[in-house]
Structures are given as C-alpha cells and as structure tokens.
C-alpha cells in the first residue's frame, strides 16, 4: 500500500525505460500494484514487455462483498497476474489454506496466473518446524489441482522472519527451502511438472544479493518488496536474474 497515482506513474515510467535500455535475456517482469492504479498503468505500459498484476482477489465471483475485487473483474481489465496468500494477508487478515485454495481456483478459472505465497514466521523457524509448515501451506492451497492446472501457478517462498526484522536469510537457506518445495511438488505431480513451476524468493531481495540468490538451482526469481519502490534498485535486481 504505497505511492500516490502520480508517484506510481513515475515509477512505472522509470522501470519501463530502464528495463528497455538495460535488461537483456528473458526475465519476466511483473508490477503488482494497488487496485486503483491497474487500469491507468495498464494503459501506460501499452505494448511494453513489463506485465501487471494485482495484490489479491476475492474467493467469490460477485455479490454483496463490499470492498472486494473478484478475479473476473481483474480478467475484464486484462490483468494477467494476481498475488495470493501473501504473508501480510495471512498475518493481518487471517487468510488460511482453505480460503486460498478457493482463491487459486477463481484465479485459474479466469485465466489469471496466481503467484501463491508460502513461508514461515520466526517462531516456527526457531522451532525447526518450518519445512513442515511450508509443505502444509502448499498442500492445503494447491494439491487439489490437476497437474495441468498446477503448471499455471507461480509459487513464492517468503521467509517472514527475514522481512523487515534485521535478520537475513542466506542464499543457502533460500535454496534449501525451495528444494523442499520442489521435491514436494515432484512427489505429488512428477519431476517434469515440478521443474516447470517457477519458485520465487521473497525474503528481502536487494540489488546486492539478487545475483547470488538467483544463481541457486531452485530459485527462479524474486518477489520483491521495498526495493521495488525505487526504480534503480528494482532494475538492478531484475538484471541479477
């Protein structure tokens, strides 16, 4: 929940220009912006390879749910991506696996790509039960899907204990958890399916650690938080991919 519309337009303009000038290769760049800015920024991006995503959607198709935004609404304005189950949604709004399974279904039914978030808080990491919790989060929200459907999902691992706490996850810790998730997917859907599902890292990705993180075999990209609010920092992270 950052930026006025004018600030968002400026940031988007800078990211568009810098990625066009500096970014080589086939990294997919998605800006997940507040709901009020989606239509304006979609027009601004035009034919740019930079894509747009929403930060959430409802588990309902329509109806008397004042303040909510449905996947069908996002589809109707041509938004291809939506973040679901972000750690802040889980923490502040009590979203759980059962609810998120419904949201994933609504996103997929409307041809949106869900960026499904999972991850553990500090107390769980310190207890050593973090792998169990993350596997549970993935299973609850995704394992009702067919192999074909789950291939349309992007997973983002967020070590919540390393976000804004002063604690930092190492690239090895990131790789270890990504490997756990990949192995879990392979056990359920087969190795070939597991390998095509992108797993992003969302634990305070910065320009100075992006390249090391993205060089890990099971880290396919980043879910970038605060660093995405500064165009120079964000584009340097993209270049790390």
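Which residue fluctuates most in the GNM of the chain (Cα springs below 10 Å): 72, 17, 156?
The residue that fluctuates most here is 17.
What value, in deg cm²/dmol to 500, does the helix sum -39500 (n - 2.57) over DSSP H runs of n ≥ 4 give at 222 nm once divided by the residues of the chain?
-14000 deg cm²/dmol
Give the distance, in whole Å, between the Cα centre of segment 59-135 and the Cα centre of segment 1-52.
Result: 22 Å between the Cα centres.
Taking 8 Å as the Cα distance limit and 6 or more residues as the minimum spacing, I'd like the relative contact order of the chain as a percentage.
16
Let me know the whole percent of all Cα-Cα pairs from segment 128-180 that are separated by more than 12 Å.
Across segment 128-180, Cα pairs with separations above 12 Å total 71 percent.
Pull out a ≥ b ≥ c, the square roots of the eigenvalues of the alpha-carbon gyration tensor of segment 88-175, then state rounded if a/c is under 1.5, prolate if not and a/b is larger than b/c, and oblate in the remaining case.
Prolate, since a/c reaches 1.5 and a/b exceeds b/c.
What are the equivalent ellipsoid semi-axes of the chain, built from the alpha-carbon gyration tensor (square roots of five times its eigenvalues), in whole angstrom, biggest first?
So the equivalent ellipsoid measures 25, 23, 17 Å along its semi-axes.
Assuming a ≥ b ≥ c are the square roots of the Cα gyration tensor eigenvalues, decide whether segment 116-241 counts as rounded (a/c under 1.5), prolate (otherwise, with a/b larger than b/c) or oblate.
Taking the square roots of the gyration eigenvalues as a ≥ b ≥ c, segment 116-241 is oblate.
The numbers here are math on the coordinates, done by the rules we state, and not lab data. Computed from a predicted structure; not experimentally measured.
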